[in-house]
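**Q** The structure is given below, and queries will be raised subsequently.
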Amino acid sequence: MSTNSAKYSAEQLEIPKDSRLWSPDFLFGTATASYQIEGAIHEDGRIPSIWDTYSNTPGMVLNGDTGEFACDHYHRWPQDLEIIEELGVQAYRLSIAWPRVMDAKNQPNPKGLAFYKRLLEALKAKGIQAYVTLYHWDLPQWIEDRGGWTNREVVYHFAEYADLVSREFKGLVTAWATLNEPWCSAFLGYAVGRHAPGRQNLRYATQAMHHLLLAHGTAVAILRRNDPGAQVGIVANVGAAVAETPSPRDQDAAYLFEVQHNDWVLDPLLKGSYPADLWRLWPGAEPLVLEGDLQTIAAPLDFLGINYYFRTQVKSDGRHGFIETDMPGVERTQMGWEVYPQGLARLLKGFHANYRNLPPIYITENGMASDDKVVDGRVTDPSRISFISRHLLAVDDAMRHGVDIRGYFIWSLLDNFEWAYGYERRFGIVHVDYDTQARTWKDSGRVVQAFMKARPSRT
Ligand code: FCB
């Protein structure tokens with residue numbers, strides 16, 4: 001039981017009084033993803049995903065952790081929704097597990113669909129807007145067995161999936177995001193093997209990216225047709241780079257880092273072409289692109305979700321690429337990631353300047369991991385409060401420079417399965433004890449709650 005008698009206030013976030021962040025028109029939310037929280041991987045007809053396979057392969061995930069139980073959200077979702085309601089945020093970003101709602105013939109699984117229907121109806125009843133991601137990395141394993149994202153066939157499977165869920169959940173979703181962070185799926189999954197499916201071939205990665213983006217563009221039309229009242233967009237992770245020295249070669253290395261992390265995804269989506277400089281970095285790794293693909297990929301979007309976490313220092317590798325270098329003495333999180341909110345503001349202003357048709361932006365993920373412990377019913381996480389505060393100020397800065405930003409989602413509602421890092425890295429504003437499944441609010445959660453209470457409600 002909680003013995004916590006600490007006091008929390010909105011002022012702890014240090015948001016200036018004249019900031020748009022105080023307006024109820026600016027959306028606040030928290031985010032999660034299916035594989036990271038649900039557990040219940042064998043229940044109600046769910047079929048294996050690439051993350052089940054990958055996490056069960058020795059040496060792939062820290063401490064051999066898997067998503068088998070995770071936060072047991074599949075059973076505890078009513079309690080988790082109460083936490084979101086108590087937090088007072090307007091929106092919740094979640095993802096649907098494709099392997100739960102369709103079987104190994106890509107036919108509907110009614111029990112899996114019923115789970116999300118209950119969840120989405122409960123959110124609606126509470127007045128919490130659902131921001132739903134179709135693909136947050138849990139590809140059905142049977143599709144990977146046929147080549148996964150490297151096989152163009154996946155686009156048609158994904159289209160069927162998008163069609164099914166948008167018909168089933170029509171009217172319950174405020175915004176659909178087709179994909180979460182295609183860069184991670186393609187690069188970490190197929191080039192360097194740090195994520196499922198663990199393949200290591202650059203050509204696979206560029207082809208996988210092309211099919212991911214094509215699946216996105218194909219789904220956009222389907223989502224619009226089936227659920228015309230919902231917004232449709234995509235979520236991209238973006239990275240900021242700094243050169244180790246002012247030398248032109250190192251500056252170019254930093255530029256190429258951002259081309260690889262950001263433009264590889266955003267250029268096809270917003271300009272209908274891959275950035276030419278990407279092939280300077282990766283000569284000969286161009287994907288096979290068929291006529292009409294890029295038009296499909298560049299379908300207009302209602303919003304762009306941006307996930308931002310950190311900055312990376314790089315130098316030239318002496319050839320045509322970059323290598324990451326150590327930056328001693330900077331502030332870092334439990335992930336080892338540098339805390340650098342200015343990077344978020346700079347990137348947002350840059351996208352605003354670079355893309356003529358940049359859609360409205362939501363920060364769909366931002367947050368940090370720390371080694372949080374429950375002591376006397378309380379979790380003291382001042383570094384997270386400061387992290388959120390400083391990144392909100394970066395968002396405020398970008399908005400004051402004309403960038404159209406509509407909302408901010410904290411990653412994450414709960415501590416959860418942090419992919420290759422398992423359960424050791426804690427991103428939640430609510431702590432999870434994985435032995436008992438007890439949820440304990442962290443101080444950061446209480447401060448966000450105080451901020452939400454202090455904001456005027458919409459009239
Ligand atoms: C992002 C992922 C999300 C979470 C955070 C920390 O890359 O989208 O699932 O793991 O990083």
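**Q** Across region 21-65, which residue is nearest to A91 (Cα to Cα) among those that are open to solvent by 40 Å² or more (accessible area, probe 1.4 Å) and of a type in the set (D, E)?
**A** Top of the filtered list is D25.
**Q** Another one. Quick check: is even one residue across region 294-302 open to solvent by less than 10 Å² (accessible area, probe 1.4 Å), of a type outside the set (S, T, N, Q), in contact with a Gly (Cβ under 6 Å, 6 or more places away or on another chain) and outside any loop (DSSP other than H, G, I, E, B)?
**A** yes
**Q** Quick one: how many residues across region 316-332 are within 27 Å of R425 (Cβ to Cβ) and either part of a strand (DSSP E or B) or open to solvent by less than 20 Å² (accessible area, probe 1.4 Å) (or both)?
**A** Residues flagged as within 27 Å of R425 (Cβ to Cβ) and either part of a strand (DSSP E or B) or open to solvent by less than 20 Å² (accessible area, probe 1.4 Å) (or both) within region 316-332 amount to 4.
**Q** On the basis of being of a type in the set (F, W, Y), open to solvent by 40 Å² or more (accessible area, probe 1.4 Å) and either more than 16 Å from the ligand (Cβ to nearest atom) or without any contact (Cβ under 8 Å) to a residue 24 or more places away in the chain (or both), does Y255 make the cut?
**A** yes
**Q** Also, quick follow-up: If I ask for residues that are without any contact (Cβ under 8 Å) to a residue 60 or more places away in the chain and under 30 Å from P58 (Cβ atoms), which ones from region 400-437 would you list?
**A** Passing the criteria: G428, H431, D433, D435, T436.
**Q** Report whether or not A40 is under 23 Å from T440 (Cβ atoms), within 16 Å of the ligand (Cβ to nearest atom) and either assigned to a helix (DSSP H, G or I) or at pLDDT 95 or above (or both).
**A** no
**Q** Which helices (runs of 4 or more DSSP H) does region 77-149 wholly contain that include 1 or more residues that are farther than 23 Å from G229 by Cα, open to solvent by 10 Å² or more (accessible area, probe 1.4 Å) and out of contact with any Pro (no Cβ under 9 Å at 6 or more places or on another chain)?
**A** Correct list: 110-126.
**Q** Follow-up. State which residue is farthest from F351 (Cα to Cα) when the search covers only region 397-411 and only residues that are away from the ligand (no atom under 16 Å from the Cβ) and open to solvent by less than 10 Å² (accessible area, probe 1.4 Å).
**A** By that ranking, first place goes to G407.
**Q** For the subset of region 415-428 comprising residues that are surrounded by fewer than 23 Cβ atoms within 10 Å (Cβ to Cβ) and not hydroxyl-bearing (S, T, Y), which member is farthest from the ligand (Cβ to nearest atom)?
**A** So, considering only residues that are surrounded by fewer than 23 Cβ atoms within 10 Å (Cβ to Cβ) and not hydroxyl-bearing (S, T, Y), the one farthest from the ligand (Cβ to nearest atom) is E424.
**Q** Quick one: would you say R384 is within 30 Å of R194 (Cα to Cα) and either assigned to a helix (DSSP H, G or I) or away from the ligand (no atom under 12 Å from the Cβ) (or both)?
**A** So R384 passes the test.
**Q** Might you let me know whether region 295-312 holds any residue that is modelled with pLDDT of 95 or more, more than 24 Å from the chain's Cα centre (by Cα) and within 30 Å of A130 (Cα to Cα)?
**A** yes
**Q** Let me ask something additional. Which one is most open to solvent (accessible area, probe 1.4 Å) among residues in region 224-242 that are away from the ligand (no atom under 16 Å from the Cβ) and not in a helix (DSSP H, G or I)?
**A** In this case the residue turns out to be P228.
The values are calculated or read from the model by the stated rules, or taken from the named source; none is laboratory data. Predicted, not measured: the structure shown is a model, and the values here were computed from it. Note that each Cβ is placed from the backbone with ideal geometry, even for glycine, and that neighbours are counted across all protein chains shown. Areas reflect the complete protein model, heavy atoms only, side chains present, ligands, DNA and RNA absent. Shrake-Rupley method; radii C 1.70, N 1.55, O 1.52, S 1.80 Å.
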